[in-house]
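So the structure is just underneath, and the comments pick up after that.
The values are calculated or read from the model by the stated rules, or taken from the named source; none is laboratory data. Keep in mind the model is a prediction, meaning the values are calculated, not measured. Every residue, glycine as well, gets a Cβ built from its backbone with ideal geometry; the counts of neighbours run over all protein chains shown. Heads up: the accessible areas ignore ligands, DNA and RNA and are worked out on the full protein's heavy atoms, side chains in. Shrake-Rupley method; radii C 1.70, N 1.55, O 1.52, S 1.80 Å.
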Amino acid sequence: MKKTLNDVNVNGKTVLVRVDFNVPIKDGIITDDNRIRAALPTINYLIENNAKIVLFSHLSRIKEEADKSKKSLQPISKKLEEILGKKVLFVNQTRGTELETSIKNLKEGEVLLFENTRFEDVKNNEVVKFESKNNEELGKYWASLGDVFVNDAFGTAHRKHASNVGIASNISESCVGFLVQKELEMLSKGIDKPEHPFVAIIGGAKVSDKIGVIDNLLKKADKIIIGGGMAFTFFKAQGHSIGKSLCEEDKIDLAKSYLDKAEGKIVLPVDSATNNEFKDSKPSFAGLDLPEDQMGLDIGPKSIDLFQSILKDAKTVAWNGPMGVFEFENFKNGTVGVCEAIANLDGAFTLIGGGDSAAAAIQLGYKDKFTHISTGGGASLEYMEGKVLPGVDIIKNK
Ligand code: AMP
């Protein structure tokens, strides 16, 4: 078990907190502040427990010097100040005298935010990736600025960067923050110790993106429902006609081998909503074989019924990837149907891995209907693949 905030003494200490403030910003305005709010339990706890708080985060990617003016954390600092109702000292450096002096002068309960950690990826217009490639000297430098490191950025936990792994490797005390703690508790309950029957639902565009998840969940789940564009590679493997639907020719054999080894665990759709091109207009419907001029853009009504009947008795459900092109009004029904089926389960533990399925559930109005919607797309996907998350692994154990 990893140390959590409750296991370390932060009183009077300078606490370095890696948060995930990678929020969408349009014309200098933050369009969704959920990630800032998600860090509040950790920040407020540190304020109440007299820590000197140093926050830092990445924002988007920095590929050239010109990106820096658009990707500053300054607007985030203002937003945090507003949400916290407390002064946040912003330092527009990622290293240097001003940063060091400002941290030294911090008083207990005060909050400082420094500039985008990925500014360290470009120096004098040269791509150096000091942050993203976990430059040793940078990790050591950032670690030298504080006494305790708290990782509360789940969204980058699957990355080995200077601002998580680098710092944690070079500081004597570290722990996870409340957000990461909750993510780990929920993912562990849903994936590692599921109550049975455990039904996994995997969708999205490509088989190749989800191979690791299928592999890992085949060992754990009682049923794996497969929908979305990736289902067509499985149909092709079964010898069906798939028309113009998405298909990864080089994954057909792999799909076949999964179907063989799954011994009936894998459940595929039985019909599709189709269109003659990739566009949002009135669908046609087809059974297992599609006409040549059609592409499958969603699962059909019989599949929704089938999936609902399988989900009905589940005690644990883990979902990653939409059932169709949910961004299109005419092809969102499959994803809505599955969302509804999971949302209406009584007493089941229901989990959505981040990314598109989380976006779909939130956009469709089911945000509060799941036990947990992960905040980290890539990180929760890697957790579902059974991989170790480096940003968590490096944190001290209890
Ligand atoms: P992923 O990021 O792999 O979870 O894939 C999500 C994307 O897959 C979404 O943008 C969907 O629009 C897309 N998608 C789902 N089903 C299909 C389909 N049948 N054909 C094409 N794209 C699809």
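In order along segment 81-97, the Karplus-derived 3J(HN,Hα) couplings, from 6.51 cos²θ - 1.76 cosθ + 1.60 at θ = phi - 60°, round to 4, 4, 5, 6, x, 7, 4, 10, 7, 9, 10, 8, 9, 10, 6, x, 5 Hz, and Gly and Pro are given as x.
In this label model, Glu136 and Asp250 are separated by 3.5 nm, measuring between points 7 Å along each Cα→Cβ vector.
Sorting 132-138, 12-18, 65-71, 276-282 by average packing, meaning the other beta carbons within 10 Å per residue, from highest down gives 12-18, 132-138, 65-71, 276-282. Modelled spin labels at Asn397 and Asp280, positioned 7 Å past Cα toward Cβ, are 5.0 nm from each other. As a length-normalised measure over Cα pairs under 8 Å and 6 or more apart, the relative contact order of segment 5-179 settles at 28 percent.
Using helices alone, what [θ] at 222 nm do you get for the chain, with -39,500 (n - 2.57) per DSSP H run of 4 or more residues, divided over all residues and rounded to the nearest 500? It lands at -9000 deg cm²/dmol.
Sorted largest first, the spans of the alpha carbon positions of segment 5-179 along the three principal axes are 41, 34, 31 Å. Residues of segment 220-253 falling in the label zone of Glu263, defined by backbone nitrogen less than 17 Å from a point 7 Å along Cα to beta-carbon, are 220-224. For the chain, the per residue solvent-accessible surface stands at 43 Å², with DNA, RNA and ligands left out and a 1.4 Å probe. With 30 Å as the limit on Cα-Cα distance, the pairs of Lys133/Lys244; Lys129/Lys210; Lys219/Lys369; Lys70/Lys140; Lys79/Lys123 that go past it are Lys133/Lys244. Largest GNM mean-square fluctuation among Gly347, Gly377, Gly204, using the chain with Cα springs under 10 Å: Gly347.
Among the protein heavy atoms of the chain, carbon and sulfur supply 47% of the accessible surface, probe 1.4 Å, non-protein parts ignored. Each of the peptides 323-331, 225-233 was scored by the mean count of other Cβ atoms within 10 Å over its residues; in descending order, highest first, they stand as 225-233, 323-331. Per the Kirkwood formula on distinct C-alpha pairs, the Rh of the chain is how many angstrom? It works out to 22.5 Å. Contact order, relative form, for the chain: 16 percent (alpha carbon pairs under 8 Å, 6 or more residues apart, mean separation divided by residue count). Contact order, relative form, for segment 173-234: 37 percent (alpha carbon pairs under 8 Å, 6 or more residues apart, mean separation divided by residue count). For the chain, DSSP calls about 25 percent of its internal beta bridges antiparallel.
The label point for Thr101 and the one for Lys315, both projected 7 Å from the Cα toward the Cβ, are 6.2 nm apart.
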